[in-house]
């Protein structure tokens, strides 16, 4: 249940937060850190509301500190999970890179995701998008060249395709969670600015 809205949601639609040994609130995107957790709907706007309403201190029944970059930190950790899931798809043999290989995969109608680096040229993006033969293929342009290169373990990965298979479900879940978290800010956690006033916040109960 979301501690802000009190709405009962599936775990996949929630994010867990805990207080570290110094009583600083940290995101637990894997839901494995020790201690009592506070569950928040996986949206940047809901997390901001939790901070504004001092939900964490009340839920944990003690004074806690909120770092000013908590929203961005959370988004970055979720984004890392997307990169890791893409790396797993690659290791499972479900991903290809390079314009020719990606185009070939698209023509075979079994691609789950066509991924372009954020820095990809418009011409290359349009040409590959035009090759899509299966309407079920989702086109993504949320990861940077550096992130794609990290996922595939090679430099300068601009275009990639992920085929249907066992690793697709995890990637789909992580992408959906990141998109849900950032959906109100156009793909960034905080839009124009950070939560806070430039200083860490101390929640007192």
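The values are calculated or read from the model by the stated rules, or taken from the named source; none is laboratory data. Being a predicted model, the structure only gives us computed values, none of them experimental. All Cβ positions, glycine included, derive from the backbone under ideal geometry; neighbour counts span all protein chains shown.
Let's see how each residue does on (1) without any contact (Cβ under 8 Å) to a residue 12 or more places away in the chain; (2) closer than 24 Å to residue 174 by Cα; (3) surrounded by 17 or more Cβ atoms within 10 Å (Cβ to Cβ):
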position	(1), (2), (3)
9	no, yes, no
49	no, yes, no
59	no, no, yes
72	no, yes, no
100	yes, no, no
Picking from 41, 105, the residue that is assigned by TED's automatic domain parsing to the domain that holds residue 159 and touching a strand residue (DSSP E or B) at 6+ places or on another chain (Cβ under 8 Å) would be 105
Given the conditions (1) farther than 20 Å from residue 178 by Cα; (2) assigned to a loop (DSSP other than H, G, I, E, B), which single one is not true for residue 58?
-> (2)
Spans of strands (runs of 3 or more DSSP E) in the range 77-145 with at least 2 residues over 29 Å from residue 31 (Cβ atoms) | 95-97, 111-116
Look through 105, 112, 89 and report the one residue that is free of Cβ contacts under 8 Å to residues at least 60 places away in the same chain and buried (at least 18 other Cβ atoms within 10 Å of the Cβ).
-> 105
Which of the residues spanning the range 14-29 are touching a helix residue (DSSP H, G or I) at 6+ places or on another chain (Cβ under 8 Å) and farther than 12 Å from residue 71 by Cα?
-> 19, 29
Please find, among 77, 128, 140, the residue that is surrounded by 15 or more Cβ atoms within 10 Å (Cβ to Cβ), without any contact (Cβ under 8 Å) to a residue 60 or more places away in the chain and over 27 Å from residue 11 (Cα atoms).
-> 128
Going by the structure shown, is residue 83 under 24 Å from the mean Cα position of the chain (by Cα) and either free of Cβ contacts under 8 Å to residues at least 24 places away in the same chain or farther than 26 Å from residue 153 by Cβ (or both)?
-> no
